[in-house]
Ligand code: ATP
Ligand code: MG
């Protein structure tokens, strides 16, 4: 008997309990946001292991982000009261990488294959477009890469695509040629792009039933969170894994020494794994990436006899927040009507705010956050969501000025910075000598006098002699280039070879007694010997200082990695880095406000949520207008945003919004009108109080009667004229935009007196932090105590 049994079911309502306890081949849990879907999955896994119905190693759980995976693992172990290794709780991508690395030979890959992120694959495509002069036909790297990605998500490869292509159309012919080149180059570089990870795994399973059977036999319980956002490739991956193993494959496995007979049923087959999926079709927000809502809608047809459990009680949000969410989503047609309810009570009203500019909106948010802090809400319990990354600029400017600590989740990602990619390219070149992209990237980084002409020469030499780019570098001596250039190339090739030997000393010809070096030792060696780090440190470009810090941060990360994963090698490190997904830089323990896009917010929850830019053009996004189903998907996105909030929800918009260097008049989003007026308390920019009568955005006031009425859709509701943008509150808005400044190496210490553009004069009490993160704690004569980031604050020393 398992002692955890009771407490495991204690925190569940009867429907959730039923879902946790159900045993059968297929289970579908459909429910609205915050109804405990993820919680049920977690309890179900703990229940299966705790009752000894399953070994941890028989579980495969798929989550949307690595971060969600880590959380789920932690929760399961908490419920079980013990660590359970061997469970696979991961994203689709991580699971596929693990399988592909293990089965590399079968898949026709090197087990050290490189994973290209979207920037890498765009670079390859850009080069192909240029070589084929495809730009003259209107091809762009972004367009081509989107199209290839969509095709791969549909499990189409270049051959299957070419079979159906219209070869009389020059555009089609060119696209096929680009696609073909792209496929060829990735192969040659032993590289897979993100979409390949899934597609190749599915192809592998289909081509080698006995290999697939090893995984079908291993994973007896498969659980998938956020099933509504699976695309065709992901759907097929699950379909393959849950397939019964046919008798002849069972026999094959048995002959190969795998003990599988005990799993056979009366027909000699091994039944498919049990599958549990949870999802909410109202939260499907990835159609643009090929997610197919039909996967959930048609689940009962795909898995006949599936049990369906509905959950309706929401445990996350107050009734006011839920009512708003229900009202909005009920405007989407083609959905099963479900109403969420909560026992939590009405809670505070939703607060609406109309600013006259994006900066004004951001200032309101910063002020409101400080108020919430005063009420005891921690920074980490607050999140700000937006539709487009461009909206972060105003928010960041104001947050920095107002000393609100924040973190942009999934913004300019650390691993996407050029200097980090440079350092990583050194590691990749060591791990995968076939990766030409990595080699070309570091060929002249840092500068060693190897120009593009030399690069081309090396590439043609490699091509002409049927050798790799790497071998061409080693043989550079026979190319007849100048001694200096030749020396630089050969030296780099030697450096990479030497680093490879550090990782695998057994390959050394001399019988040296050197042990295996760790990832951090190898990276340290590469950074020093290549002078990459030193070049950044000694540069006169002030930005290089930050870049050097970033590279040092990477080095520190490899040290942590080695400490946490003593048995892991370079490939493991590279894999981990490639799979870091947007929501993964979230660090709950840190005391910062989280800023993220609505897409990234899925599955998360926060006490207080600010939804910004609720305007036509942003939400719904202007690009969605031309897509079939676009506005409905945008509405789901809004629904996802609203339902992240536990206690407080803010909806804000601006009357004018700066975008692409222009300032445009913005209209309130059509979705705002779908929220019953009595749920929202409207506020507005202080400077607008005089110029405007109502408390709601003007366009809404004008059409009050439209509330909640289904069907009267469209932007025609917003023909209402907006009042002219007022110019109150002195000129600070101008100053804010002008204040992107750099105080560089302004040295401040306690006792110094300074002058701030807005706060006037004050005295520095203390300076904390280092480098670009130095913060001055200042007591202003009239404005009170403030913390300022020295690098960018509009201050001067007196
Ligand atoms: P989403 O659709 O946003 O992914 P979800 O359906 O996965 O939401 P969960 O995140 O599992 O919902 O649960 C929402 C919140 O409610 C969590 O904080 C969870 O711990 C809590 N919760 C769920 N069920 C219960 C319950 N029976 N008793 C108490 N709290 C619960
Ligand atoms: Mg969830």
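Quick notes
- Extension gain, residue 184 back to residue 500 (0.36 nm per residue minus Cα-Cα distance, nm): 111.2 nm
- Averaged over residues, the count of other Cβ atoms within 10 Å places the peptides 618-625, 205-212 in the sequence 618-625, 205-212, highest first.
- Annotation for residue 82 and residue 310: the two label points, set 7 Å from Cα along the Cα-Cβ direction, are 4.0 nm apart.
- Segment residue 123-residue 415, extension gain: residue separation times 0.36 nm, minus the distance between their alpha carbons: 103.5 nm
- Residue 133-residue 102 FRET efficiency (beta carbon distance; Förster radius 41 Å; 0.05 resolution): 0.50
- In angstrom, the C-alpha Rg and Dmax of the chain are 28.9, 89.
- Global form of the stretch 434-502, assessed from the alpha-carbon gyration tensor, a/c cut-off 1.5: rounded
- Relative contact order computed over the stretch 134-238 (Cα-Cα under 8 Å; 6+ residues apart), in percent: 35
- Shown is the FRET efficiency for residue 74 and residue 453, computed with R0 = 60 Å from the Cβ-Cβ distance and rounded to the nearest 0.05: 0.65.
- Over the stretch 317-388, relative contact order from alpha-carbon pairs under 8 Å, at least 6 apart, %: 29
- Estimated FRET transfer efficiency when R0 is 56 angstrom, pair residue 263-residue 538 (beta carbons, to 0.05): 0.30
- Extension gain from residue 21 to residue 531, taking 0.36 nm per residue of separation minus the Cα-Cα distance: 177.6 nm
- Averaging the Cα positions of each part gives two centres, and for the stretch 308-360 and the stretch 57-117 these lie 34 Å apart.
- Estimated from helices alone, the mean residue ellipticity of the chain at 222 nm is -12500 deg cm²/dmol (sum of -39500 (n - 2.57) over DSSP H runs with n ≥ 4, per residue).
- Peptides 94-106, 426-438, 126-138 ranked from most to least packed by the mean count of surrounding Cβ atoms within 10 Å: 426-438, 94-106, 126-138.
Any read-out appearing in this document is the output of simple, stated calculations on the displayed coordinates, not a laboratory observation. Here the structure is a predicted model, which is why all the values come from computation and not from measurement. When we count neighbours, we look across all protein chains shown, and the Cβ atoms used for this are built from the backbone with ideal geometry, even at glycine.
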